[in-house]
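Below is one structure, written out as C-alpha cells; comments come after it.
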Amino acid sequence: MRFVLDAEQREFARSLDALLTATGTPSVVRAWAAGDHGPGRALWSRLADAGVFALAVPETYEGVGPLPVEVAVSFMELGRHAMPGPVVETVAASVLLSVVGGPAAKEWLPRLSSGAATATLRLDGPYALDADAVDAVFTVRGEELWLASGPGAFRVSADPARRLFSPDDGGTLLARGTHVAEGARVAGDWAAFATAAQAVGVGEALLRATVEYVKRRTQFGTAIGSFQAVKHRLADTLTGLEFARPLVYGAAVSLAEGAARAGADVAAAKLAAGGAAYTAARTALQLHGAVGYTEELDLALWLRKARPLRDAWGTPEVCRGRVLAG
C-alpha cells in the first residue's frame, strides 16, 4: 500500500511547521524544563487554534475527529520542533473520554479540543507526564476513571522537558465500568501511535541537523560528510526513518477503520519509529563529536527526547510482543 498525503494534509503540515519555526521552540523547551510553563502554554493555545487538539475529539464534543492521519501529520511536526508538554497525553485523554462518554466527556472534551484546558493521563504506569502543568490529571485504575487531586511526587527524567509525576491517590471518581477499561485500551493505542509519529519527527530533525553539520565540519581539509563511513551511517539512519514513516501512516489507517489489527499495527509503528529516532540520536551524537554533548547546543534538546520516546507508551519489548500476538 502506498501512503501519499493529499494537498490539504500537506498544507496543514506546512502551516504547523511555519507556526513552530516562527515561535522558536528551543527557548520554549528550555523554559519548560526549568518549570516555566508560560511560553509553552502560549504555544499550546496557538496549536489549538490551528486545530491540533480537535483532531482526536468527535464532532459531538466540538471536535473535528477522530482523524488519525492528521494526528500523525501534526505530531511529526511537533517532534521535528521538539514541542514540550503532554501533547500525546492530551490526545489520549480525549480518546479515553470519547469512549467513556457521560458528564466527564461533556465537561472536558470541548475544553481540550479548543485548548482552553490541558490534560495528562496515567493508565497502567506509575507516572503521569507534566502533571504540574495541566488542568486535569486523569488516571485509570482497573474499571475506574479518576480525576486526580494533585500532581504528586516529582521524578527527574532523562529529558528535562519531560517532567514525571506520581499522581496522588484519591480525587474525584468520574466513571466506573467495563467501558472505562475499553476506553483505556483504545487511549493506550492512540498514545503509542502519537508517540510514534512524534519520534519520527524527532529523528528527522536530528538527521537534518547532522547532515548540515557534516557538510561544514572539516578534517584533513575535507568535509567529513564526504567520508564513506559517514555516508553509510547517515544512509542507515535515513533508511530507518523512511521505513518507519509508512508504518505510522498504516497504523493511522487501521485506527481510522477500526481494524482488528489496529493495536498490532500501532505497536509495529511504535517499534520502528522509536528505534529509528534512537538510531538518529546515536548517529547525531557520534558525528557531532564532543560538541554534541554540550547543553548549549540546541541539538541536545532533540537528543534527549529520542530514548524516552522510544520507551514511552510501549517499550520495544512490549511492542514486539503485541506485533507477534497480532
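The one condition from (1) crowded, with 19+ Cβ neighbours inside 10 Å; (2) over 21 Å from A205 (Cβ atoms); (3) among the small types (G, A, S) that A325 does not meet is (1). Scanning the stretch 284-303 for residues that are crowded, with 22+ Cβ neighbours inside 10 Å and not aliphatic (A, V, I, L, M) yields a total of 1. Restricted to the stretch 235-250, and to residues there that are surrounded by 14 or more Cβ atoms within 10 Å (Cβ to Cβ) and of a type in the set (A, V, I, L, M), the residue that is farthest from F75 (Cα to Cα) is L238. Do the conditions hold for A133, that is, is it closer than 28 Å to L206 by Cα and among the small types (G, A, S)? Yes; evaluated as a whole, the condition is true for this residue. Determine, yes or no, whether D132 is assigned to a loop (DSSP other than H, G, I, E, B), more than 22 Å from A56 (Cα to Cα) and not aliphatic (A, V, I, L, M). For D132, the condition - assigned to a loop (DSSP other than H, G, I, E, B), more than 22 Å from A56 (Cα to Cα) and not aliphatic (A, V, I, L, M) - is met. When we screen L112, L173, L96, L147 for residues that are of a type in the set (A, V, I, L, M, F, W, C), within 26 Å of V318 (Cβ to Cβ) and at pLDDT 95 or above, the only hit is L96. Remark: R80 matches the filter, which requires a residue to be within 25 Å of G314 (Cα to Cα), among the charged types (D, E, K, R) and at pLDDT 95 or above. Scanning the stretch 140-157 for residues that are surrounded by fewer than 14 Cβ atoms within 10 Å (Cβ to Cβ) and in contact with a Ser or Thr (Cβ under 8 Å, 6 or more places away or on another chain) yields a total of 3. Of all residues in the stretch 135-160, those being more than 19 Å from L173 (Cβ to Cβ), under 18 Å from the mean Cα position of the chain (by Cα) and among the hydrophobic types (A, V, I, L, M, F, W, C) number 1. Under the condition of being in contact (Cβ under 8 Å) with a residue 40 or more places away in the chain and either crowded, with 18+ Cβ neighbours inside 10 Å or among the acidic types (D, E) (or both), the residues counted in the stretch 34-57 number 11. Can you find a residue in the stretch 21-36 that is farther than 25 Å from R304 by Cα and hydrophobic (A, V, I, L, M, F, W, C)? No, there is no match, as no residue in the stretch 21-36 is farther than 25 Å from R304 by Cα and hydrophobic (A, V, I, L, M, F, W, C). Within the stretch 259-274, the residues that satisfy the criterion of being of a type in the set (G, A, S) and either over 20 Å from S157 (Cβ atoms) or modelled with pLDDT under 95 (or both) are A259, A260, A262, G263, A264, A267, A268, A269, A272. Filtered by the rule that a residue be on the phi > 0 side of the Ramachandran plot, of a type outside the set (F, W, Y) and under 20 Å from the mean Cα position of the chain (by Cα), the stretch 275-326 gives a lone residue, G314.
Of the numbered conditions (1) surrounded by fewer than 18 Cβ atoms within 10 Å (Cβ to Cβ); (2) at pLDDT 95 or above, T222 satisfies every one except a single condition; which is it? With respect to (1) surrounded by fewer than 18 Cβ atoms within 10 Å (Cβ to Cβ); (2) at pLDDT 95 or above, T222 is out only on (2).
The values are calculated or read from the model by the stated rules, or taken from the named source; none is laboratory data. For clarity, every value in this text was computed on a predicted model and none was experimentally measured. Neighbour counts are summed over all protein chains in view; Cβ atoms, including those assigned to glycine, are modelled from backbone coordinates with ideal geometry.
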